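The values are calculated or read from the model by the stated rules, or taken from the named source; none is laboratory data. Just so we're clear, the structure is a prediction, and the values are computed from it rather than from any experiment. Cβ sites come from the backbone with ideal geometry, for glycine too, and all protein chains shown count toward neighbours.
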Amino acid sequence: MLCRVAAAAALATVAALLLCSGGTHAQQEDGAVSHLCLGCICEAVSGCNSTLTCTGDVCGLFRITWAYWADSGKPVIARDSPDADGAYVRCVTDNYCAARAVQGYMAKFAKDCNGDGAINCDDYAAIHRLGGYGCNGNVDAAYANRYNACRNTVSSLGPI
């Protein structure tokens, strides 16, 4: 039952991201993190709880730190400036801007973390959790279990 609820939350987030970006999971730019992958990272890290604000040094449904946001290229919401006070929090607590931050971070740090010869969502999930320079390590079991359950559920929808 919990897996079905988690999958429904991930799919709802994916649907919201698709509506905001005007695309489908099949319309990815080369090297971009798929919308399905973003949904599973979101599910793994926060249960895709779009009501999350900041707790300690992490904010939003992707639980992004200021350093992660800065490394991602400091994306901002419309009519905002990356140098404005509060731009970081406004972005990472906005689902679409936060997803762009994840995309930017992955564009910068993409690599084959697990040594399987491909850069895919498994690598992006490790990069998101462990950072751009530490993705060869092991993610915590709770994160890995939530990510794998989501990945297994949504893999029938398309490439993740």
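Kindly indicate whether I160 is under 13 Å from the mean Cα position of the chain (by Cα), modelled with pLDDT under 95 and within 22 Å of A32 (Cβ to Cβ).
When the stated conditions are applied, I160 passes them.
Which one of A125, A84, A44 is out of contact with any Gly (no Cβ under 9 Å at 6 or more places or on another chain) and farther than 22 Å from T153 by Cα?
A84
Looking at S72, S50, can you tell me which residue is touching a residue at least 24 places away in the same chain (Cβ under 8 Å) and either crowded, with 20+ Cβ neighbours inside 10 Å or within 25 Å of D112 (Cα to Cα) (or both)? Give the derivation first.
On the way: S50 fails: either crowded, with 20+ Cβ neighbours inside 10 Å or within 25 Å of D112 (Cα to Cα) (or both).
The match here is S72.
Regarding segment 55-62, can at least one residue be identified that is under 18 Å from R151 (Cβ atoms), among the hydrophobic types (A, V, I, L, M, F, W, C) and in contact (Cβ under 8 Å) with a residue 24 or more places away in the chain?
yes
Considering each residue of segment 73-105, count those that are of a type in the set (A, V, I, L, M) and in contact with a Leu (Cβ under 8 Å, 6 or more places away or on another chain), and give that number.
Within segment 73-105, residues that are of a type in the set (A, V, I, L, M) and in contact with a Leu (Cβ under 8 Å, 6 or more places away or on another chain) number 3.
For segment 87-112, what are the residues that are without any contact (Cβ under 8 Å) to a residue 60 or more places away in the chain, under 16 Å from the mean Cα position of the chain (by Cα) and closer than 18 Å to P159 by Cβ?
none
Tell me, which residue of segment 11-41 that is within 14 Å of L157 (Cα to Cα) and of a type in the set (G, A, S) is modelled with the lowest pLDDT?
Filtering segment 11-41 for residues that are within 14 Å of L157 (Cα to Cα) and of a type in the set (G, A, S), the one modelled with the lowest pLDDT comes out as A26.
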